[in-house]
Amino acid sequence: MIYTLTPNPAIDYNISCDGLQPNTVTRTRDAVYTPNGKGLNVSFTLNHYGVDTAILGFFAGFSGRYIVEGARELGVDVHPVWTEGITRVNVFLNAGPDTEYNMVNSGAAITDADERAMFELIDGLEDLDCLAISGSLPPNASEGFLRGAIERVRARGAQFVLDISSPQLADLLGLEPLLIKPNDDELRDIFGIDVHAGDEESVAAAMAELHARGAQNVLLTLGGSGAYFSNGEHIWFANRTFEVEVRSTVCAGDSSLAAFLSMWFSERDRVEDALRRSMATGANVVECAGLGDFAHVEEYEKGIEVRLVK
């Protein structure tokens, strides 16, 4: 079973308008409310591809209940730790071609007791094979929370995956994650490494450094410019040969990670197939508010090129 941990979940409120001006009323349309958070998106995508998964997270108030109930209605079980306050609502506004506003709130604060409850929950997961930890930390989270969760996973003999933008990622690599999924911005901000699609010398150097720090495998995403995967021996590059109309990029990285895991986690030799599914899924998701229904993935896989870099 692949469990996901979303320390700071949210309701995502996606809306559209024809432009945004200050000090005036803006009429919006196409409102979509979805139970969300990076780990939740991973679980929803894994579930779509038939992989057993369940959600862990901190939830609070009416918005927390909406997320938990919504996830269960989608067929994914949730093991919540209930906290005080209100789980955040994030607003994503599409204001026209190539114009997107992302308004992300800080979330409900957690306590030491909440963290201990999460540790106890992880300790009791008898079918834990892997824990994918995604997204930001809520207010008041301790410096040692992520390490404490990972150490419990390792004590169970299970694997863990990291998709976090926190500077803590640099230190947590020493615990040897099965897979990390940085993007180019996170590589620059956390590790001081600049990479660009097509500059494969810089990509190879970046991958080598991440492996040396402890990452077993790396999925490096570059948005619309493609993705690189390295297992420490070889590097592959995947890119799409077609254009898509971007409605929202919010869930694309999460779905790409989950789509890759849905195939690669159980069949490590199917890197190229996993990359095709990953890229096709991300391309389909950016066309939607939220995750959408993955209706075009099979078609888009035909337009994904994958090649061995080294």
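The values are calculated or read from the model by the stated rules, or taken from the named source; none is laboratory data. Fair warning: this is a prediction, and the values are worked out from it, not measured in the lab. Please note: Cβ atoms are built from the backbone with ideal geometry, for glycine as well, and neighbour counts cover all protein chains shown. Heads up: the accessible areas ignore ligands, DNA and RNA and are worked out on the full protein's heavy atoms, side chains in. Shrake-Rupley method; radii C 1.70, N 1.55, O 1.52, S 1.80 Å.
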TODO: Identify, by number, the condition in (1) surrounded by 18 or more Cβ atoms within 10 Å (Cβ to Cβ); (2) in a helix (DSSP H, G or I) that A215 doesn't meet.
DONE: (2)
Task: Filtered residue count, the stretch 149-171, keeping only those that are of a type in the set (G, A, S) and either assigned to a strand (DSSP E or B) or open to solvent by 80 Å² or more (accessible area, probe 1.4 Å) (or both) - done: 1
Task: Residue check, V218 of a type in the set (V, I, T) and touching a residue at least 40 places away in the same chain (Cβ under 8 Å) - done: no
- [ ] Report those strands (runs of 3 or more DSSP E) wholly inside the stretch 1-40 carrying at least 1 residues which are of a type in the set (G, A, S) and closer than 30 Å to E126 by Cα.
- [x] 10-16
Task: Residues located in the stretch 18-73, provided they are surrounded by fewer than 24 Cβ atoms within 10 Å (Cβ to Cβ), modelled with pLDDT under 95 and among the basic types (K, R) - done: R27, R29
Task: Options S248, S230: the member that is more than 14 Å from K181 (Cβ to Cβ), open to solvent by less than 20 Å² (accessible area, probe 1.4 Å) and among the polar types (S, T, N, Q) - done: S248
- [ ] Keeping to the stretch 102-143, report how many residues are over 13 Å from P7 (Cβ atoms), without any contact (Cβ under 8 Å) to a residue 40 or more places away in the chain and open to solvent by less than 40 Å² (accessible area, probe 1.4 Å).
- [x] 0
Open item on the list: Quick check on I190: is it open to solvent by 20 Å² or more (accessible area, probe 1.4 Å) and either free of Cβ contacts under 8 Å to residues at least 12 places away in the same chain or in contact with a Leu (Cβ under 7 Å, 6 or more places away or on another chain) (or both)?
Closed with: yes
